[in-house]
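The next block holds one structure in the form of structure tokens; read it before the comments.
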Amino acid sequence: MRKIFLINILALTFATLSLWAQAPDPVIETLIDRIDLDRMHADIDTLVAFGTRRATLQGGLDAQDFVYARLEALGFADLTLHDFDANHDNVVAVYPGVTEPDEIYIIGAHYDSINDLGPAFPAPGADDNGTGTSGLLEVARIISESEIRFEATITLVAFASEELGRIGSKAFVADAIANGKIPQSAIVMDVLGYHDPGSTLDISFGTTDAANPIPGTMELVDVIVSVIEGYLPGYPWEYGDTCT
Amino acid sequence: MEGSVPVPGILFFEDLTLLSPYMHTDSDVVGISLNSDELFLRNVQAAAATVFTLARPVPPEKILLYATRQPGDSEQTVRLSWTGGFPPYNVHRSVMPDNLRDDANIISEQVTALLFQDDGAIPDLLYYSIEEFP
């Protein structure tokens, strides 16, 4: 996975920041204040206890069922298993928009884990990607419990088979497009909790080929910068290359 | 989402250059690979706020109150947040539910935020209500 910090992109983002600066929405402010670290840790403990969550192993199936059961218990009526191959499935929960239901935004995280030494070696995957999976479940919880509705549709996706080549996310997007449900954009959480003592604590985000992203990406980056500045004021951030 | 798939995608990631050396190992566990709750929480908050911003919340008509610590769990602090209605709000607190909305039970007036922290909570003995300021 290539990770190159792109100063030119960073500078561009700073330059456009003022165009997108807006006052924080108090509803969003109160929603993200409800994100509960203890709950996320409890979910990580559960995921780790399943053992290696590789897409071909029982631990992965247990994780898939755990995520599905949690979303079902939270009351997501439009909840499906997206079966795209012989291994485990994507878990997809749709929270339909009130006025613009065909305007779709994805928030996702992969739930599988691997050990680079092979399937026989343990892969607890607390950070990669217990963090993202538990974060996704926490987003689902605060949406559900708050009863807040949105103008547009939010689709929550727990991706399968990321570690085998992002198979689950590719299949999801391909099928969404084939079905005419083209997402406006996708926000993915992957590996969120390791801080090297020698580095600055900041929020890092990026995309594939950050210097030449597909159309719409820089507008999305501007929104994220505005969000960080508005809801997490003073928090440093950086943008660059990642795999999406 | 790469190549010919035209969906803008952003990945929130712990660091662009200094990734966990324990990734894809048997040491990817809490306390070793997941070593910063601060970073973890802020990343989830940033991702959530981003998708909420894009989808644009529609506040409910009625006020929905949420407490992150319920009285009775030995906490002296209760953090309240709510959605709906129109600011400003009055925060009411009482040891009895029947007279909760009386003016005598207002502990904070004309609150414009959707958050309030009560540092004087009494376990098992408090009820709260959020009302629009008349």
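The values are calculated or read from the model by the stated rules, or taken from the named source; none is laboratory data. Small disclaimer: the values here were computed from a predicted structure and weren't measured. Glycine gets a Cβ as well: all are built from the backbone with ideal geometry, and neighbour counts include every protein chain shown. Each accessible area value is taken on the protein alone, full model and side chains, heavy atoms only, with ligands, DNA and RNA left out. Shrake-Rupley method; radii C 1.70, N 1.55, O 1.52, S 1.80 Å.
Just to be sure before I move on: is residue A:130 touching a residue at least 60 places away in the same chain (Cβ under 8 Å), over 27 Å from residue B:60 (Cα atoms) and not aromatic (Phe, Trp, Tyr) in the structure I sent?
Values: touching a residue at least 60 places away in the same chain (Cβ under 8 Å): yes; over 27 Å from residue B:60 (Cα atoms): yes; not aromatic (Phe, Trp, Tyr): yes.
For residue A:130, the condition - touching a residue at least 60 places away in the same chain (Cβ under 8 Å), over 27 Å from residue B:60 (Cα atoms) and not aromatic (Phe, Trp, Tyr) - is met.
Please enumerate the residues belonging to the stretch B:25-50 that are part of a strand (DSSP E or B) and either among the basic types (Lys, Arg) or surrounded by fewer than 24 Cβ atoms within 10 Å (Cβ to Cβ) (or both). If you could, list the steps in order and put the result at the bottom.
First, the residues of the stretch B:25-50 that are part of a strand (DSSP E or B): B:30, B:34.
Scanning the stretch B:25-50 gives a single hit, B:30.
Residues are listed down the side, and each one gets a yes or a no for (1) of a type outside the set (Ser, Thr, Tyr); (2) surrounded by 19 or more Cβ atoms within 10 Å (Cβ to Cβ):
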residue	(1), (2)
A:186	yes, yes
A:193	yes, yes
A:205	yes, yes
A:216	yes, no
A:219	yes, no
A:229	yes, no
A:239	no, yes
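If you scan the stretch A:222-241, which residues turn out to be part of a helix (DSSP H, G or I) and within 7 Å of chain B (Cβ to nearest Cβ)?
First, the residues of the stretch A:222-241 that are part of a helix (DSSP H, G or I): A:222-231.
Answer for the stretch A:222-241, where residues must be part of a helix (DSSP H, G or I) and within 7 Å of chain B (Cβ to nearest Cβ): A:223, A:224, A:227, A:228, A:231.
Take the stretch A:46-62 and flag every residue that is within 21 Å of residue A:85 (Cβ to Cβ) and assigned to a helix (DSSP H, G or I).
A:58, A:59, A:60, A:61, A:62 - these are the residues of the stretch A:46-62 that are within 21 Å of residue A:85 (Cβ to Cβ) and assigned to a helix (DSSP H, G or I).
Whether any residue in the stretch B:23-32 is more than 14 Å from chain A (Cβ to nearest Cβ) and among the aliphatic types (A, V, I, L, M) is what I want to check.
Here is the first cut: in the stretch B:23-32, the ones more than 14 Å from chain A (Cβ to nearest Cβ) are none.
So far as the stretch B:23-32 goes, no, none of its residues is more than 14 Å from chain A (Cβ to nearest Cβ) and among the aliphatic types (A, V, I, L, M).
Sort out for me the strands (runs of 3 or more DSSP E) sitting completely within the stretch A:105-219 that have 3 or more residues that are within 19 Å of the chain's Cα centre (by Cα) and either more than 7 Å from chain B (Cβ to nearest Cβ) or of a type in the set (Phe, Trp, Tyr) (or both). Please lay out each step first, then the result.
Working: elements: A:152-159, A:185-189, A:203-207.
In the stretch A:105-219, A:152-159 are the strands (runs of 3 or more DSSP E) which contain 3 or more residues that are within 19 Å of the chain's Cα centre (by Cα) and either more than 7 Å from chain B (Cβ to nearest Cβ) or of a type in the set (Phe, Trp, Tyr) (or both).
Looking at residue A:65, is it modelled with pLDDT of 95 or more, open to solvent by less than 50 Å² (accessible area, probe 1.4 Å) and either within 8 Å of another protein chain (Cβ to nearest Cβ) or outside any strand (DSSP E or B) (or both)? Step through it out loud before you land on a result.
Working: modelled with pLDDT of 95 or more: yes; open to solvent by less than 50 Å² (accessible area, probe 1.4 Å): no; either within 8 Å of another protein chain (Cβ to nearest Cβ) or outside any strand (DSSP E or B) (or both): yes.
The answer is no for residue A:65.
Matching residues to (1) surrounded by 17 or more Cβ atoms within 10 Å (Cβ to Cβ); (2) at the interface with chain B (Cβ under 8 Å from one of its Cβ atoms); (3) under 17 Å from residue B:47 (Cβ atoms):
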{"site": "A:31", "(1), (2), (3)": "yes, yes, yes"}
{"site": "A:35", "(1), (2), (3)": "yes, yes, yes"}
{"site": "A:38", "(1), (2), (3)": "no, no, no"}
{"site": "A:42", "(1), (2), (3)": "no, no, no"}
{"site": "A:47", "(1), (2), (3)": "yes, no, no"}
{"site": "A:53", "(1), (2), (3)": "yes, no, no"}
{"site": "A:56", "(1), (2), (3)": "no, no, no"}
